[in-house]
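A short worksheet on the structure shown next.
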Amino acid sequence: MTSTALPTTDDLRARARAALGNIGVDVAEGGGFPARTPLTGEHLFGLTAATEADTEDAVAASCAAFVIWRTTPAPRRGELVRRLGELLREHKGDLADLVTIEAGKIRSEALGEIQEMIDICHFAVGLSRQLYGRTIASERPGHRLAETWHPLGVVAVISAFNFPAAVWSWNTAVALVCGDTVIWKPSELTPLISLACDHLLARAAEEVGAPRDVHRLLLGDRAVGERLVDDRRIALVSATGSTRMGREVGPRVAARFGRSLLELGGNNAAIVTPSADLDLAVQGIVFAAAGTAGQRCTTLRRLIVHRDIADTLIERLTAAYERLPIGNPFDDTTLVGPLISTTALDTMHGALARVRAQGGKILAGGNRRLAEAAPAAAYTEPVLVHVGEQTDVVREETFAPILYVLAYDTLDEAIALHNDVPQGLSSSIFTRDQREAEVFLSAAGSDCGIANVNIGTSGAEIGGAFGGEKDTGGGRESGSDAWKSYMRSATNTINYSTGLPLAQGVSFL
Ligand code: SIN
């Protein structure tokens, strides 16, 4: 199924300009840094990328702002984030337009992304009054032992195209209330939404009297990111992207004893057991595998289904895949928008060719769509592929809507297959058997940072910590106690006695 006709690039340019104008951003054109849209695959605006001098200026300004910000009381820092949340809510529609135009998300998911930003602002405002340390029982009389938390420094946020604004907000809202300042290097593919977010944060800062330089935006390519990664003045580099990118960022930041928070590739799986509610499983699987055109870090990429129900589930999934409306993401009936680029489509086709050569069988989907209407865009049917075993291509993350289906006989076998990939981001089990659910959630179950029951692998809420293990990088962002990554702790021993007893009974002098 294909949804309504695509907008023209001129329409999209006008819509982007209107959204930016409503937010207060005047697009300065004529630069050599392109803003494009995956809806037509064409060029929208020529922007200006940050130079080396701009990066130096941003880091110096951010360091200077940190000196003020770190001693601003945390609840007052929360005021900045509260105002940011209000402005995001006020401009939700315009911001969602920019997400659709630049990342290709369908309207409902683009609005969801902005809602997620508003939610993390609320969370961070609450957090600004809850940056708790602990009091620890001291072994010495008249002594108090305490743990206190302090701002860390300048945080560099390097974000990816697929959540072009929400991942920035997970990091920035939390880092700001923690007393850090932020430099943002967004994906090269999504500069417009970044300009909009930076502008709203600057406005919030002005309104509440916070230093403008608590946040700096640097548009640019890989070289900008590399400068931030190697700069000793940057205390934390929070990077979202591929495992290949993380393999470079992690060691480079570690070599200068900086901190990194890595959210890298996933190869997420769902296990479907014989007791599963199949109506619910089909809905959860299709959203997780085909939603966002398969371009979430948490996209469902492997389905591990019990052999007794495999035929029934495949039949139902095939029917659902055949009905998926693909096309214009601004059309309310569309469920699958474009891939980010034709390069992504080529990568998808390469993976499908390899998996077919390894014995995989396409069950549904996989055809390119709208190639005549938009030759530079990459619309595709999500694809369902039956594979007999977990070959090398199945064990890799292909950032496209490919769902590999594998059959299993015992739960132990399913969990072993589930964990037998290098990545460890998200996972789920569909079952009505409590024992199976608990085994999956136990230490002997899923080895991922996210493990769900009776929902798919994607669509996390901000209240939980987000991130994963193994090649996913180990970082945690967003909710729960992820804030601790953005602060440093100090252990304090306070002697309020008149003596000086030493720990462990040591005597000296
Ligand atoms: C992501 O994949 O990065 C976003 C989180 C989600 O889908 O829950």
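Of all residues in segment 383-435, those being within 16 Å of the ligand (Cβ to nearest atom) and either open to solvent by 10 Å² or more (accessible area, probe 1.4 Å) or at positive phi (or both) number 4. When the test is whether a residue is under 18 Å from the mean Cα position of the chain (by Cα) and either more than 16 Å from the ligand (Cβ to nearest atom) or within 30 Å of GLY142 (Cα to Cα) (or both), SER478 does not pass it. Look at SER485 and say whether it is open to solvent by 60 Å² or more (accessible area, probe 1.4 Å) and not in a strand (DSSP E or B). When the stated conditions are applied, SER485 does not pass them. Residues being free of Cβ contacts under 8 Å to residues at least 40 places away in the same chain, in contact with a strand residue (DSSP E or B) (Cβ under 9 Å, 6 or more places away or on another chain) and closer than 30 Å to GLY424 by Cβ are represented in segment 318-335 by at least one member.
Among the residues of segment 433-454, just one is more than 22 Å from LYS470 (Cα to Cα), touching a strand residue (DSSP E or B) at 6+ places or on another chain (Cβ under 7 Å) and without any contact (Cβ under 8 Å) to a residue 60 or more places away in the chain, namely ALA437.
Within segment 75-105, the set of residues being outside any helix (DSSP H, G or I) and surrounded by 24 or more Cβ atoms within 10 Å (Cβ to Cβ) comprises GLY104, LYS105.
Please tell me if ALA290 is over 26 Å from ALA416 (Cβ atoms) and away from the ligand (no atom under 15 Å from the Cβ). In short, no.
If I filter segment 149-164 for residues that are small (Gly, Ala, Ser), on the phi > 0 side of the Ramachandran plot and open to solvent by 10 Å² or more (accessible area, probe 1.4 Å), do I get at least one hit? No, segment 149-164 contains no residue that is small (Gly, Ala, Ser), on the phi > 0 side of the Ramachandran plot and open to solvent by 10 Å² or more (accessible area, probe 1.4 Å). Which one is least open to solvent (accessible area, probe 1.4 Å), of the residues in segment 336-372 that are without any contact (Cβ under 8 Å) to a residue 40 or more places away in the chain and of a type in the set (Val, Ile, Thr)? Here the residue is ILE362. Of all residues in segment 245-269, those satisfying the criterion of being more than 16 Å from the ligand (Cβ to nearest atom), of a type outside the set (Gly, Ala, Ser) and open to solvent by less than 20 Å² (accessible area, probe 1.4 Å) are VAL249, VAL253. Cβ-Cβ contacts under 8 Å between residues 6 or more apart (or on different chains), taken from a first residue in segment 421-432 that is among the β-branched types (Val, Ile, Thr) to a second residue that is open to solvent by less than 10 Å² (accessible area, probe 1.4 Å) and within 13 Å of the ligand (Cβ to nearest atom), are listed as VAL421/ASN267. Of the residues that sit in segment 276-302 and are in contact with a Lys or Arg (Cβ under 9 Å, 6 or more places away or on another chain) and of a type in the set (A, V, I, L, M, F, W, C), which one is surrounded by the most Cβ atoms within 10 Å (Cβ to Cβ)? Once the filter is applied, the top-ranked residue is ALA293. Please tell me if MET348 is in a helix (DSSP H, G or I), within 15 Å of the ligand (Cβ to nearest atom) and either over 18 Å from the mean Cα position of the chain (by Cα) or not assigned by TED's automatic domain parsing to the domain that holds VAL421 (or both). Answer is no for this residue.
The condition of being surrounded by fewer than 23 Cβ atoms within 10 Å (Cβ to Cβ) and assigned to a helix (DSSP H, G or I) holds for GLU116. Kindly establish whether ALA146 is open to solvent by 10 Å² or more (accessible area, probe 1.4 Å), closer than 25 Å to THR491 by Cα and among the hydrophobic types (A, V, I, L, M, F, W, C). No.
Of the residues making up segment 1-18, just one is open to solvent by 60 Å² or more (accessible area, probe 1.4 Å), over 18 Å from ILE326 (Cβ atoms) and among the polar types (S, T, N, Q), namely THR8.
Within segment 148-203, the set of residues being among the polar types (S, T, N, Q) and within 14 Å of the ligand (Cβ to nearest atom) comprises SER159, ASN162, SER169, ASN171, SER187, THR190. Restricting attention to segment 468-482, the residues being surrounded by 11 or more Cβ atoms within 10 Å (Cβ to Cβ) and not in a strand (DSSP E or B) number 10.
The values are calculated or read from the model by the stated rules, or taken from the named source; none is laboratory data. Fair warning: this is a prediction, and the values are worked out from it, not measured in the lab. No Cβ is skipped: glycine too gets one built from the backbone with ideal geometry, and neighbour counts run over all protein chains shown. In case anyone asks, the SASA skips ligands and DNA or RNA and just uses the protein heavy atoms, side chains included. Shrake-Rupley method; radii C 1.70, N 1.55, O 1.52, S 1.80 Å.
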